[in-house]
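The values are calculated or read from the model by the stated rules, or taken from the named source; none is laboratory data. Only a predicted model underlies this, so the values are computations on that prediction, with no experimental measurement involved. Please note: Cβ atoms are built from the backbone with ideal geometry, for glycine as well, and neighbour counts cover all protein chains shown. Ligands, DNA and RNA are stripped out before the accessible areas are found, and what is left, the full protein with its side chains, is counted by its heavy atoms. Shrake-Rupley method; radii C 1.70, N 1.55, O 1.52, S 1.80 Å.
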Amino acid sequence: QVQLVESGGGLVQPGGSLRLSCAASGFTFSRSAMKWYRQAPGKERELVASISTGGGTVNYADFVKGRFTISRDNAKNTVYLQMNSLKPEDTAVYYCKASKFESWGQGTQVTVSS
């Protein structure tokens, strides 16, 4: 079955950086577009970024453009989210998702605070 394991979250000061990873298994990773979502306390889950199967097409939510970078390594079945210039409002649980499937991982907590 589809398994997604997110990692790399933590506590960081405003202006800092984190790199999230999502290890995927149970499906043909290279044939699935991938997405990162996040959910802050009391808010709905929202789309952060997406990447096509080969990595040539990426899209970002306006609130992360210029600060976050999504990438993937199909040889490692892993998708990444490089987050720079973090703000307190980026605090959330971050999830990855394969576009073709409904499964979610457990997420990784990102907390931006001084």
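What's the longest bit of the chain with no exposed GluC sites (Glu not before Pro), using DSSP loop states and at most 13 other Cβ atoms within 10 Å as the test?
On the way: sites that count: Glu44, Glu102.
The longest uninterrupted stretch comes out as 45-101.
Measuring with a 1.4 Å probe in the full set of protein chains, what accessible area per residue, in whole Å², belongs to the chain?
Details: 5890 Å² over 114 residues.
Counting only protein heavy atoms, the per-residue value for the chain is 52 Å².
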Under 24 Å from Lys43, Cα to Cα: lysines that are on another chain or at least 8 residues apart: Lys35, Lys65, Lys87, Lys97
Segment 1-84 - percent relative contact order, Cα under 8 Å, separation 6 or more: 30 percent
